[in-house]
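For reference, the structure is listed below as structure tokens.
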Amino acid sequence: MNMHKYEKIWIYFGSATLLFFLIVVGVSAFYMGSKPPSCAVTLDPERVREHALFEEPGLKQIGDNEYQLTIVASAFNYDVGTDDKVVQIPKGATVHISSTTTDVIHGFEIAGTNVNMMLEPGYISTYTNTFKNAGTYTLVCNEYCGVGHHLMSATIEVVE
Amino acid sequence: MNKAVKSLPNGDSKLVMAHMYVAFTALLVGATMGLIQTLERSGAITLPAGISYYQILTVHGVVLGLVLTTFFILGFMLASQSKTTGGFNKTERTIAWIGYWMMLVGTLSAATMILLNEATVLFTFYAPLQAHVLFYIGLALVIVGSWLDGFVMFKRHARFRKENPGEKTPLLSFMGVVTMLMWQIASLGVAITVVFQMIPWALGWVETIDVLLSRTLFWYFGHPLVYFWLLPAYMMWYAIMPKIIGGKIFSDSLARFTFILLLLFSIPVGFHHQLTEPGIDPFWKFIQVILTMVVVIPSMMTAFSMFATFEARGRELGAKGLFGWLKKMPWKDARFLAPFIGMLFFIPGGAGGIINASNQMNQVVHNTIWVTGHFHLTVATTVMLTFFGIAYWLIPSLTGRIFTKTMNKWAIVQTILWTVGMTIMSAAMHWQGLLGGPRRSAYSEYAGNADTAAWGPYQMAQAIGGSILFLGMIVMIIIFVYLAFFAPKGEEEFPVAEPSEKAEKPSKVFENWPLWIGITCALILFAYTIPLIDIIQSAPPGAKGFKLW
Amino acid sequence: MALKLKERPVEVNGKKGQVEPEKHEDINLGGSLVSVIFLGLIIIVSWLGVWTLFIIR
């Protein structure tokens with residue numbers, strides 16, 4: 001097959017660009033540990049509340065500037081451990097987030113941050129995040145889960 | 001009055017037109033739902049009579065994403081197969097009709113369940129939301145029906161090779177076969193989850209369903225699905241567009257090579273839709289991210305071929321300078337303008353697609369309305385404008401009528417409305433998505449915080465774009481009805497481009513189907529075997545069905 | 001690229017009567033090259049834009 005020399009230049013240039021993208025995300029994921037949320041820990045979706053992690057949802061300090069945030073999602077609510085559905089997190093702290101669903105698939109997205117994962121029945125989704133900027137963030141469900149899908153939310157306040 | 005001359009044998013014309021009636025009815029219904037959605041989400045209207053946003057959204061997605069596309073594509077590909085190989089025989093036509101009726105019955109069955117609010121599960125129907133069993137049976141019928149249409153194309157292509165030994169096969173016929181091969185191999189995944197997981201579960205024969213397995217099978221199909229939309233547009237660009245501008249096919253061999261690459265690499269990439277999901281190993285996610293980047297390459301080759309086709313033709317017409325050839329293009333011909341703008345929209349569309357597939361970067365945009373903006377650039381603009389461009393000559397050439405000058409003007413108005421509407425709507429969706437606005441959500445004030453309140457203006461912009469698009473859809477429907485039933489009788493050309501005289505004969509290896517199917521399967525097995533075993537072996541207890549609407 | 005098709009032997013000075021191999025070298029495709037490179041730059045800029053967002057968030 002005969003290829004025009006300009007087309008060859010373009011294919012080399014394009015392939016090099018794609019390779020560059022892959023190297024950037026690959027190094028970031030496998031060398032610097034910034035992988036997409038992929039936790040493979042399972043549980044019985046009908047017995048979420050009996051699982052040690054989800055007995056008492058909410059924010060707990062587990063170390064020096066290190067926290068565990070556990071949230072149970074269900075149609076159409078996030079149980080974040082507080083009645084007003086507000087969680088206060090210190091800025092710059094390491095926060096290990098664990099969440100799961102008791103019914104259908106939900107989304108778990110703290111808008112304006114990189115915390116964005118799927119919650120699927122039977123699986124625990126985890127992600128470790130450091131909130132770099134103070135402010136009020138909204139946790140929203142970004143996967144359709146039923147007629148009240150758009151009513152699912154909670155507030156994350158990142159405080160100084 | 002002129003005599004009506006059809007571009008295809010009478011029976012084939014009827015078959016293709018039957019597909020087109022369904023496709024454009026779907027456009028009318030689906031785009032109307034789209035308008036209602038954007039208005040609802042702007043906060044301007046509240047839906048009456050307890051109709052939910054999500055029911056409307058399910059109609060929109062199913063009717064446009066599955067019905068319009070599938071019927072138009074199969075119709076167009078049957079037409080180009082018939083045109084380039086010399087028509088179907090009686091058996092082939094009968095099988096195609098059976099396929100058509102299966103798809104139509106399936107569509108009506110699924111649509112009835114959606115209208116009865118028994119299947120408000122959106123067009124992705126993720127378990128454990130559980131729709132009525134007739135919804136799933138309808139989907140299965142659509143898929144199996146489409147396979148029959150595919151077999152007809154395979155058979156006609158094989159018959160051409162038998163009847164013309166040693167001759168190269170027509171490019172459009174070859175591309176149709178590649179597209180349907182990809183479609184059949186890919187839709188096996190969704191057929192398996194629907195038939196073996198969802199139908200028994202919806203009937204109550206089994207109590208629970210393996211959610212992750214079902215999603216993985218769905219996305220094994222879901223990404224090739226978008227290539228099933230795109231490849232027919234590429235067919236038009238490679239093999240028809242050159243004729244419309246008066247030129248030749250830039251390279252017959254490269255076009256075939258591109259399609260083979262698309263066949264090989266468009267399937268083993270489904271994990272890039274599941275990057276933020278638990279239960280899938282990050283290593284295998286990354287492997288499929290790499291394969292996704294490989295499938296970008298044939299699209300890059302397509303981009304070059306298109307520019308080269310235009311430039312070569314422009315220079316033949318005496319164009320000077322670096323971009324003088326642009327001036328030589330037939331801008332006032334809607335058959336050219338609509339697909340050309342479609343091509344331009346694939347530039348931001350492709351850029352967005354690479355971003356979506358970039359492993360952990362997906363967290364920025366996953367399930368935000370950025371994604372909705374993305375596929376309204378790719379399928380709803382690139383693919384749809386190309387399909388509209390096809391309809392302008394295909395419909396009259398099948399009904400023995402002509403695409404009049406007046407209709408051409410309306411078609412240009414249509415193209416402009418679509419371009420402007422989609423630019424506004426899609427840009428607003430992309431920006432709102434970067435700010436975190438979720439997709440597939442009714443109007444909501446959430447917790448009343450400032451971050452979510454800032455999404456309001458973007459939703460208003462989407463309603464403006466959606467309204468312009470609605471007008472564009474109405475114009476398109478008027479053009480379709482006119483071309484199908486009222487345009488003056490005559491002969492409209494079915495444009496099929498020729499390779500240039502100097503073209504090298506495409507290598508025989510392109511027709512080595514066992515080889516290509518073999519490599520395709522090998523790549524799929526490589527990308528999916530270990531993660532699938534893992535998903536099945538370490539599966540949690542299954543999920544019961546829920547009806548939360 | 002994962003696979004390469006066997007190239008047919010290309011005869012640069014194809015004799016009369018033979019099918020000449022496909023040749024595009026004689027067509028000036030400078031505009032196409034500039035166009036696709038521009039397209040590539042759009043991809044790179046938007047990718048880096050979202051990557052930056054990912055890093056700073």
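The values are calculated or read from the model by the stated rules, or taken from the named source; none is laboratory data. Nothing here was measured: the structure is a model prediction, and the numbers come from that model. Backbone-built Cβ (ideal geometry, glycine too); neighbour counts: all protein chains shown.
Can you tell me which of B:Gly138, B:Gly176 is of a type in the set (Gly, Ala, Ser), in contact (Cβ under 8 Å) with a residue 60 or more places away in the chain, surrounded by 23 or more Cβ atoms within 10 Å (Cβ to Cβ) and part of a helix (DSSP H, G or I)?
The unique qualifying residue is B:Gly176.
Looking at (1) outside any helix (DSSP H, G or I); (2) over 29 Å from B:Arg401 (Cβ atoms); (3) among the aliphatic types (A, V, I, L, M); (4) in contact (Cβ under 8 Å) with a residue 40 or more places away in the chain, which is the one condition that is false for B:Leu47?
(4)
Return yes when B:Met198 is out of contact with any Gly (no Cβ under 8 Å at 6 or more places or on another chain), in a helix (DSSP H, G or I) and closer than 16 Å to B:Ala543 by Cβ and no when it is not.
yes
Being more than 30 Å from B:Pro242 (Cβ to Cβ), of a type in the set (A, V, I, L, M) and more than 14 Å from chain A (Cβ to nearest Cβ) is the filter here; which residues of region B:484-531 pass it?
Result: B:Ala522, B:Leu523, B:Ile524, B:Leu525, B:Ala527.
Within region B:270-293, identify whether any single residue is part of a loop (DSSP other than H, G, I, E, B), within 13 Å of chain C (Cβ to nearest Cβ) and within 20 Å of the chain's Cα centre (by Cα), and answer yes or no.
No; the residues of region B:270-293 include none that is part of a loop (DSSP other than H, G, I, E, B), within 13 Å of chain C (Cβ to nearest Cβ) and within 20 Å of the chain's Cα centre (by Cα).
Just the residues that are farther than 17 Å from B:Gly43 by Cα and at the interface with chain A (Cβ under 7 Å from one of its Cβ atoms), please, taken from region B:433-450.
Listed by number, the residues that qualify are B:Leu435, B:Gly436.
Is one or more of the residues making up region B:440-450 surrounded by 23 or more Cβ atoms within 10 Å (Cβ to Cβ), in a helix (DSSP H, G or I) and touching a residue at least 12 places away in the same chain (Cβ under 8 Å)?
No.
Would you be able to say whether some residue in region A:94-113 is crowded, with 22+ Cβ neighbours inside 10 Å, among the small types (Gly, Ala, Ser) and within 29 Å of B:Asn117 (Cα to Cα)?
yes
Say whether the condition of being at pLDDT 95 or above and part of a loop (DSSP other than H, G, I, E, B) is met by at least one residue in region B:207-224.
yes
Test B:Trp147 against the stated conditions and say whether it is closer than 21 Å to B:Asn10 by Cα and surrounded by fewer than 24 Cβ atoms within 10 Å (Cβ to Cβ).
No.
Which count do you get for residues in region B:436-458 that are of a type in the set (Phe, Trp, Tyr) and in contact with a Lys or Arg (Cβ under 8 Å, 6 or more places away or on another chain)?
So the answer is 1.
Which residues, counting only those in region A:46-63, are within 15 Å of A:Asp79 (Cα to Cα) and of a type in the set (Lys, Arg)?
A:Arg49, A:Lys60
Which numbered condition in (1) within 23 Å of B:Met361 (Cβ to Cβ); (2) at pLDDT below 95; (3) out of contact with any Lys or Arg (no Cβ under 7 Å at 6 or more places or on another chain) is the only one that A:Gly14 fails?
Every condition holds for A:Gly14 apart from (2).
Within region B:26-59, track down each residue that is touching a Leu at 6+ places or on another chain (Cβ under 9 Å), farther than 19 Å from B:Ala119 by Cα and among the hydroxyl-bearing types (Ser, Thr, Tyr).
Listed by number, the list holds a single entry, B:Thr38.
Hey, any hits in region B:392-413 for a residue that's under 21 Å from the mean Cα position of the chain (by Cα), surrounded by fewer than 21 Cβ atoms within 10 Å (Cβ to Cβ) and modelled with pLDDT of 95 or more?
no
Test A:Ser28 against the stated conditions and say whether it is assigned to a loop (DSSP other than H, G, I, E, B), touching a helix residue (DSSP H, G or I) at 6+ places or on another chain (Cβ under 7 Å) and surrounded by 14 or more Cβ atoms within 10 Å (Cβ to Cβ).
No.
Restrict the check to region B:314-329 and report whether at least one residue is surrounded by 24 or more Cβ atoms within 10 Å (Cβ to Cβ), within 13 Å of chain C (Cβ to nearest Cβ) and either in a helix (DSSP H, G or I) or within 18 Å of the chain's Cα centre (by Cα) (or both).
Yes: one or more hits.
Being of a type in the set (S, T, N, Q), within 21 Å of the chain's Cα centre (by Cα) and assigned to a loop (DSSP other than H, G, I, E, B) is the filter here; which residues of region B:106-135 pass it?
B:Thr124
Is there a residue in region A:77-97 that is out of contact with any Phe, Trp or Tyr (no Cβ under 9 Å at 6 or more places or on another chain) and under 14 Å from A:Cys145 (Cβ atoms)?
Yes, there is a match, as at least one residue in region A:77-97 is out of contact with any Phe, Trp or Tyr (no Cβ under 9 Å at 6 or more places or on another chain) and under 14 Å from A:Cys145 (Cβ atoms).
Counting only residues that are at positive phi and out of contact with any Leu (no Cβ under 8 Å at 6 or more places or on another chain), which one in region A:92-144 is farthest from the other protein chains (Cβ to nearest Cβ)?
This residue is A:Gly92.
Return a yes/no flag: does region B:419-430 have any residue that is more than 14 Å from every other protein chain (Cβ to nearest Cβ), within 23 Å of B:Thr46 (Cβ to Cβ) and touching a Phe, Trp or Tyr at 6+ places or on another chain (Cβ under 6 Å).
yes
Quick one: is B:Ala31 touching a Gly at 6+ places or on another chain (Cβ under 9 Å) and modelled with pLDDT under 95?
Considered against the rule, which asks whether it is touching a Gly at 6+ places or on another chain (Cβ under 9 Å) and modelled with pLDDT under 95, B:Ala31 comes out as no.
For region A:31-57, which residues satisfy the criterion of being more than 7 Å from every other protein chain (Cβ to nearest Cβ) and either small (Gly, Ala, Ser) or part of a loop (DSSP other than H, G, I, E, B) (or both)?
A:Tyr31, A:Met32, A:Gly33, A:Val41, A:His51, A:Ala52, A:Glu55, A:Glu56, A:Pro57
Going by the structure shown, is A:Glu50 in contact with a helix residue (DSSP H, G or I) (Cβ under 7 Å, 6 or more places away or on another chain), more than 30 Å from B:Thr258 (Cβ to Cβ) and surrounded by fewer than 16 Cβ atoms within 10 Å (Cβ to Cβ)?
no
The conditions are (1) under 21 Å from the mean Cα position of the chain (by Cα); (2) surrounded by 17 or more Cβ atoms within 10 Å (Cβ to Cβ), and B:Thr423 fails exactly one of them. Which is it?
It is condition (2) that B:Thr423 fails.
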